[in-house]
Amino acid sequence: MSAITTVIFDMFNTIAQDGTDLWRRTFEAIIEEQQLDTTPEELRHAWDYGAGNFRDRRTAPGAVFESYLDGWAHAFAAAFEELNLKGDARAASQKSIDDLGTRPLYPEAVEALSTLSRTRRLAVISNADDAYLNPVVARIPVRMRAVISSEALRCYKPDRRLFDAAVNRLGVHPSECAYVGDRQFEDVMGSRSVGMSAIWINRSGAAMDPDLPVPDAEIRDLLDLSTVLAKLG
């Protein structure tokens with residue numbers, strides 16, 4: 001096996017936090033700004049159905065590309081209709097985008113990335129719109145040699161075009177790369193499809209899906225990476 005010279009990361013729920021509490025604040029703000037007669041829990045539940053449809057649509061064979069801004073606007077429109085609310089779906093989607101751009105990094109992220117950057121190239125591949133991905137990348141005090149978004153390539157992980165673009169831009173062979181992400185479907189399957197090592201960051205201790213590709217390694221936080229990379233390489 002080749003030595004791992006390059007580590008490519010997913011962003012949200014990998015380097016940057018994106019948990020339920022953060023989303024609840026966004027829904028609270030949408031309700032307040034638009035003076036909607038509902039609760040964050042009701043709105044989130046109704047929105048989740050449309051957001052789930054968006055996730056299914058975007059990876060379907062022959063799918064027409066939709067940005068997160070557009071996909072989530074459709075989800076909010078469906079939620080407002082279900083709850084009989086006269087809300088501005090586009091504004092709600094834009095608020096979600098704006099808030100994502102302020103997501104905090106995980107406590108160990110800076111230390112882990114700084115250590116890795118001394119010996120390896122680092123990069124990002126994220127299912128994200130540039131409007132919220134780039135502000136988070138800008139707050140990472142470590143150089144990312146490439147930052148590739150789904151919006152830029154107009155496709156979503158696990159589409160191999162995102163991973164192929166990364167190795168082409170970085171000038172490396174896939175066997176030199178390890179990809180770190182929190183999802184088996186998008187991250188493990190996508191990176192394995194091009195010959196990268198796949199590292200699943202499983203912060204919650206979730207059970208592995210036996211119907212999806214098995215990662216080469218599993219970690220609980222980014223501080224475990226150096227040890228895992230030494231074994232993989």
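The values are calculated or read from the model by the stated rules, or taken from the named source; none is laboratory data. None of the values given here were measured: they were computed from a predicted structure. A quick note on method: Cβ atoms are made from the backbone with ideal geometry, for glycine too, and the neighbour counts reach across all protein chains shown. In case anyone asks, the SASA skips ligands and DNA or RNA and just uses the protein heavy atoms, side chains included. Shrake-Rupley method; radii C 1.70, N 1.55, O 1.52, S 1.80 Å.
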- Item | Heavy atoms of residue 95: accessible area, 1.4 Å probe, square angstrom to 10 | 50 Å²
- Note on the structure: Among 122, 100, 85, the residue with the largest mean-square fluctuation in a Gaussian network model of the chain built from Cα contacts under 10 Å is 85
- Query: Dividing the alpha-carbon radius of gyration of the range 98-176 by 2.2 N^0.38 Å (N being the number of residues), what value is obtained?
  - Reply: 1.13
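Whole number please: convex hull volume per residue of the Cα set in the range 17-67, in Å³?
Hull volume over Cα atoms, normalised by residue count, gives 100 Å³.
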- Message: With just the Cα atoms defining each centre, how far is the range 131-155 from the range 62-107? Give it in Å.
- Response: 19 Å
- Based on a Kirkwood Rh over C-alpha pairs, give the Stokes-Einstein translational diffusion coefficient of the range 155-201 at 4 °C and viscosity 1.567 mPa s in µm²/s. 127 µm²/s
- Message: For a Förster distance of 25 Å, can you work out the FRET efficiency between the beta-carbons of residue 24 and residue 209, rounded to the nearest 0.05?
- Response: 0.40
- Task: Report the residue, chosen from 175, 126, 149, that carries the largest GNM mean-square fluctuation when the chain is represented by alpha-carbon nodes joined by springs under 10 Å.
- Result: 175
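Using 1/(1 + (r/R0)^6) with R0 = 25 angstrom and r between the beta carbons of residue 63 and residue 168, what's the FRET efficiency to the nearest 0.05? Don't skip to the end; give the middle numbers.
On the way: r = 23 Å, r/R0 = 0.92.
Given R0 = 25 Å and the Cβ-Cβ separation, E is 0.60.
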- What distance in nm separates the simple spin-label points at residue 33 and residue 142, each placed 7 Å from Cα in the Cβ direction? 3.2 nm
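Compare 26, 38, 227, 59 by solvent-accessible area with a 1.4 Å probe and give them largest first, with all protein chains kept in place. The partial results should precede the final answer.
Details: 26 0, 38 25, 227 85, 59 55 Å².
Ranking 26, 38, 227, 59 by accessible area, largest first, yields 227, 59, 38, 26.
Summing -39500 (n - 2.57) over the DSSP H runs of n ≥ 4 in the chain and dividing by its residue number, what mean residue ellipticity at 222 nm do you reach, to the nearest 500 deg cm²/dmol? Don't skip to the end; give the middle numbers.
Working: 9 runs with 102 residues, N = 233.
When only DSSP H runs of four or more count, the value is -13500 deg cm²/dmol.
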- Taking just the C-alpha trace of the range 28-117, give me its Rg and Dmax in Å. 16.2, 51
- Task: Give the residue from 69, 181, 196 lying farthest towards the positive end of the charge dipole for the chain; charges sit on Cβ (+1 for Lys and Arg, -1 for Asp and Glu) and the dipole is referred to the Cα centre.
- Result: 196
- Can you give the accessible area per residue of the chain, in Å², using a 1.4 Å probe? 47 Å²
- Mind computing the radius of gyration and Dmax over the alpha-carbon atoms of the chain? Å is fine for both. 18.2, 58
- Estimated dipole of the range 150-233 in Debye, rounded to 20 [Cβ of Lys and Arg +1, of Asp and Glu -1, Cα centre]: 200 debye
- How much solvent-accessible surface does residue 218 expose, in Å² to the nearest 10, with a 1.4 Å probe and all protein chains in place? 90 Å²
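Taking 0.36 nm per intervening residue step and subtracting the Cα-Cα distance, what contour gain separates residue 84 from residue 231 on full extension? All intermediate terms of the calculation are to be shown ahead of the outcome.
On the way: separation 147, 0.36 × 147 = 52.92 nm, distance 5.51 nm.
Using 0.36 nm per residue and subtracting the Cα-Cα distance, I get 47.4 nm.
If you roll a 1.4 angstrom probe over the protein chains with everything in place, what fraction of the accessible area of the chain belongs to carbon and sulfur, to the nearest %?
Working: 5170 of 10980 Å².
Here it works out to 47 percent.
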